[in-house]
Amino acid sequence: MLKGKLVNIRWIKNSDLKYIFEWINDPEIQFFAQEDYPITFNQWHVRRIYSDGIKGKRYVFIIEDKTGYVIGELWLYPIDLRKKMAELVIVIGRKNFHGRGYGKDAINTIKKYCFEKLKLEAIYLKVFSFNRKAINCYLSCGFKTIGKGVKKVLRGDRYFEELIMELRKE
């Protein structure tokens with residue numbers, strides 16, 4: 001278990017799927033996290049998406065507050081050990097934990113794990129250009145915008161870019 005100031009990060013287990021099922025189908029969470037929106041995931045899809053993490057074949061973690069309450073998920077996937085880099089995906093699925101520093105603490109906790117334990121040189125992530133709160137969080141954790149994708153994310157009648165942000169080992 002990785003311990004931050006506000007959160008603990010642990011490996012995913014089968015019993016976590018009930019929490020993930022709730023937020024993966026929440027339209028407000030999907031708006032900021034899913035390219036295809038809205039979309040419905042049934043329980044079979046959720047089990048299939050997360051099965052490799054549960055089996056220990058992928059770096060899929062659960063974010064808990066200090067009382068053990070499950071508030072989100074975090075992936076390091078894909079990890080390229082040859083290039084010493086990984087993609088970070090984070091979702092704080094419990095909306096009442098948004099904007100309170102839990103995501104920032106989870107990122108700061110996992111980056112220490114990435115750089116010290118996994119010996120990575122860089123972590124990158126993708127974020128929709130309209131997701132200002134997430135972008136500000138990532139900037140405050142040391143990420144820098146290094147590129148933009150094509151305008152492929154449709155919200156309403158507008159298309160938005162996906163930004164690529166990176167954090168390099170100091």
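The values are calculated or read from the model by the stated rules, or taken from the named source; none is laboratory data. Bear in mind that the values here come from a model prediction, so they are computed numbers and not experimental data. Quick reminder, even Gly has a Cβ in these numbers, built from the backbone with ideal geometry, and neighbours come from all protein chains shown.
Among the candidates 87, 64, the residue that is buried (at least 18 other Cβ atoms within 10 Å of the Cβ) and charged (D, E, K, R) is uniquely 64. Of the residues contained in segment 140-150, none is found to be closer than 30 Å to residue 15 by Cβ and touching a residue at least 60 places away in the same chain (Cβ under 8 Å).
The residues of segment 109-128 that are touching a Gly at 6+ places or on another chain (Cβ under 9 Å) and either farther than 12 Å from residue 169 by Cα or of a type in the set (Val, Ile, Thr) (or both), listed by number, are 109, 110, 126.
Quick test for you: out of 112, 95, 119, pick the one residue that is on the phi > 0 side of the Ramachandran plot, out of contact with any Cys (no Cβ under 9 Å at 6 or more places or on another chain) and not aromatic (Phe, Trp, Tyr). Result of the check over 112, 95, 119: 119. Restricting attention to segment 59-69, the residues that are farther than 18 Å from residue 22 by Cα, free of Cβ contacts under 8 Å to residues at least 60 places away in the same chain and more than 14 Å from the chain's Cα centre (by Cα) add up to 1. Across segment 150-157, not a single residue is classified as touching a helix residue (DSSP H, G or I) at 6+ places or on another chain (Cβ under 8 Å) and farther than 17 Å from residue 29 by Cα.
Of all residues assigned to segment 68-75, none qualifies as being touching a Cys at 6+ places or on another chain (Cβ under 7 Å) and modelled with pLDDT of 95 or more. In the set 133, 151, only one residue is more than 23 Å from residue 114 (Cβ to Cβ) and either modelled with pLDDT of 95 or more or part of a loop (DSSP other than H, G, I, E, B) (or both); that residue is 151.
Within segment 1-39, restricting attention to residues that are touching a helix residue (DSSP H, G or I) at 6+ places or on another chain (Cβ under 8 Å) and among the polar types (S, T, N, Q), the residue that is surrounded by the fewest Cβ atoms within 10 Å (Cβ to Cβ) is 14.
Just the residues that are within 15 Å of residue 30 (Cα to Cα) and surrounded by fewer than 18 Cβ atoms within 10 Å (Cβ to Cβ), please, taken from segment 99-128. Across segment 99-128, the qualifying residue is only 126.
For the structure I just gave you, tell me whether residue 72 is among the small types (Gly, Ala, Ser) and over 14 Å from the mean Cα position of the chain (by Cα). No; evaluated as a whole, the condition is false for this residue.
Quick one: is residue 164 assigned to a strand (DSSP E or B) and in contact with a Gly (Cβ under 6 Å, 6 or more places away or on another chain)? Taking the combined requirement at face value, the residue satisfies it.
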